[in-house]
1. Go through (1) farther than 24 Å from Cys234 by Cβ; (2) at pLDDT 90 or above and name the single condition Leu88 misses.
2. Of all residues in the range 253-271, which are among the hydrophobic types (A, V, I, L, M, F, W, C), over 15 Å from Ile282 (Cβ atoms) and surrounded by 15 or more Cβ atoms within 10 Å (Cβ to Cβ)?
3. So Val211 fits all but one of (1) crowded, with 16+ Cβ neighbours inside 10 Å; (2) farther than 30 Å from Pro303 by Cα; what number is the exception?
4. Where in the range 225-336 are the strands (runs of 3 or more DSSP E), entirely inside, with at least 1 residues that are touching a Leu at 6+ places or on another chain (Cβ under 9 Å)?
5. Output the residue which, of all residues in the range 151-187 that are of a type in the set (Ser, Thr, Tyr) and surrounded by fewer than 15 Cβ atoms within 10 Å (Cβ to Cβ), is modelled with the lowest pLDDT.
6. Does Lys208 satisfy the condition of being at pLDDT 90 or above and more than 18 Å from Val104 (Cβ to Cβ)?
7. If you check every pair at least six apart or on different chains, which have Cβ atoms under 7 Å apart with a residue in the range 73-86 that is under 9 Å from Ile202 (Cα atoms) first and a residue that is among the hydrophobic types (A, V, I, L, M, F, W, C) second?
8. In this structure, does Glu131 turn out to be more than 50 Å from the chain's Cα centre (by Cα) and either acidic (Asp, Glu) or surrounded by 12 or more Cβ atoms within 10 Å (Cβ to Cβ) (or both)?
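The values are calculated or read from the model by the stated rules, or taken from the named source; none is laboratory data. Here the structure is a predicted model, which is why all the values come from computation and not from measurement. Glycine also receives a Cβ, built like all others from the backbone with ideal geometry; neighbour counts cover every protein chain displayed.
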Amino acid sequence: MNKSIKSIVKVLFLILIVTFVSCKGSGKPEIAQEVDETPSEVIELTGEQMEAVGIELGVIELKNLHSIVRANGQLVLPPQNKADVNSLTSGIIRKIVVTEGIPVRKGQTVALLENLDIVKLQEEYLALKQELTYSSQEYERQKELNAQNAGTGKIFQQTQAQYEANRAKLKGLETQLRQLNMDVTAVSAGNFTTNIPILAPISGVIGKIVVKTGSYADMQTVLMEIADHSQMHCDLQVFEQDFPKIKQGQTVEISLTNQGNQILTGTVDYINQSFENDSKSIIVHVKINRPNAGAQDFAPLLPGMYVSALINVGSQTVKAVPSNAIANAEGKQYIFVASPTTPSNSPEGGEHLPPKGELRRAGAFFRKVEVVTGASELGYVEIRPLETLPEGATIITKGAFYVMSMAQGNEESDED
């Protein structure tokens with residue numbers, strides 16, 4: 001046992017000697033060495049540079065701006081502005097009198113359907129009309145006799161019942177003929193036809209024509225589609241966090257994404273009260289203010305066009321910076337925050353910094369901070385920094401574009 005203890009002591013003694021020699025040779029332990037590196041994404045500007053390009057410094061301010069909610073969506077037609085064209089009876093399509101893409105008026109003939117059975121309906125109507133004339137005369141005669149006590153009450157009642165039944169049946173046949181778009185006056189004159197005109201149920205533009213000449217169609221067959229584009233509206237997807245801000249009647253600026261970002265205006269018409277599938281978004285329906293009819297350069301509005309929109313949700317006190325304080329790069333927005341110049345300090349900006357006037361004269365380090373922009377008004381833009389910044393952080397309020405160009409130039413040099 002004593003021999004084992006002595007062996008352990010010898011090993012520990014050798015380890016201590018090696019450690020001492022290593023420390024002595026390096027001058028100080030490795031963990032005590034200082035790292036003299038400038039933090040990444042930090043740009044140094046001298047006082048002369050800031051003076052030359054007119055860079056100004058300031059702080060993030062609180063401004064009362066008209067706040068907006070950004071949303072995407074597409075143009076849609078209300079159900080009442082779309083129609084399928086059907087026939088109320090079966091038959092053969094004998095003629096199609098319209099083509100896809102042309103405008104039609106409500107009640108305009110779009111096709112002719114042939115059905116031989118409607119001849120029997122016309123014959124029945126004409127025969128009953130003639131019979132009603134006789135029963136009407138007989139009813140009036142029996143009514144006069146009954147008033148003079150010259151006839152029997154039973155015959156008068158039978159005549160009256162027959163007259164009322166014929167009149168009701170004739171009214172029913174006339175309704176059927178009118179539903180089939182038949183000319184009742186022509187039928188009354190004995191001018192029968194086997195063709196049934198199919199009429200447009202709404203005014204609009206002919207869409208897809210499903211049938212062709214000679215096709216068989218019944219009441220379930222859709223012959224063609226009609227769409228009225230005059231009442232186009234916009235369906236926007238608003239996410240859960242923004243939903244409480246949306247109110248009926250708010251103004252909306254709509255940009256046609258694939259049509260050169262042409263701008264329309266509208267108002268919030270009504271708001272769904274349920275989420276769309278699993279997206280946690282709610283559909284907001286926007287009524288579009290139609291552009292002037294004489295605007296020849298404006299793209300036609302078609303269902304399915306993609307749009308982006310800005311919903312004006314009213315004035316709110318928000319964090320804002322001058323528009324010249326924001327620089328764009330690769331589809332993102334940034335501001336530049338002053339950082340302490342010594343690496344031992346945390347580059348959070350705002351702490352251990354001299355006053356703004358001294359910074360501008362002597363120069364300073366700045367780092368870019370990504371922000372999400374919102375409302376824009378009177379030269380100020382709402383921002384939401386994607387990281388926490390200290391109160392009163394010094395930022396570049398003018399000349400951010402120059403600093404971004406310098407930062408991108410440095411990045412390219414580092415890559416080379």
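1. Of the numbered conditions (1) farther than 24 Å from Cys234 by Cβ; (2) at pLDDT 90 or above, the odd one out for Leu88 is (2).
2. Restricting attention to the range 253-271, the residues satisfying the condition of being among the hydrophobic types (A, V, I, L, M, F, W, C) are 254, 256, 263-264, 268, 271.
Those still in the list that are over 15 Å from Ile282 (Cβ atoms) too: 254, 256, 263-264.
Ile254, Leu256, Leu264, listed by residue number.
3. Val211 satisfies all of (1) crowded, with 16+ Cβ neighbours inside 10 Å; (2) farther than 30 Å from Pro303 by Cα except (2).
4. On the way: elements: 233-239, 251-256, 262-271, 281-289, 306-322, 327-329.
Fully inside the range 225-336 and qualifying: 233-239, 251-256, 262-271, 281-289, 306-322.
5. Quick first cut of the range 151-187, residues of a type in the set (Ser, Thr, Tyr) only: 152, 159, 163, 175, 185.
Next, only the ones that are surrounded by fewer than 15 Cβ atoms within 10 Å (Cβ to Cβ) stay: 152, 175, 185.
Details: Thr152: 66, Thr175: 88, Thr185: 87.
Out of the qualifying residues, it is Thr152.
6. On the way: at pLDDT 90 or above: yes; more than 18 Å from Val104 (Cβ to Cβ): no.
No: the conditions fail for Lys208.
7. Asn81/Ala227; Lys82/Ala227; Ala83/Ile202; Ala83/Ile226
8. Working: more than 50 Å from the chain's Cα centre (by Cα): yes; either acidic (Asp, Glu) or surrounded by 12 or more Cβ atoms within 10 Å (Cβ to Cβ) (or both): yes.
Taking the combined requirement at face value, the residue satisfies it.
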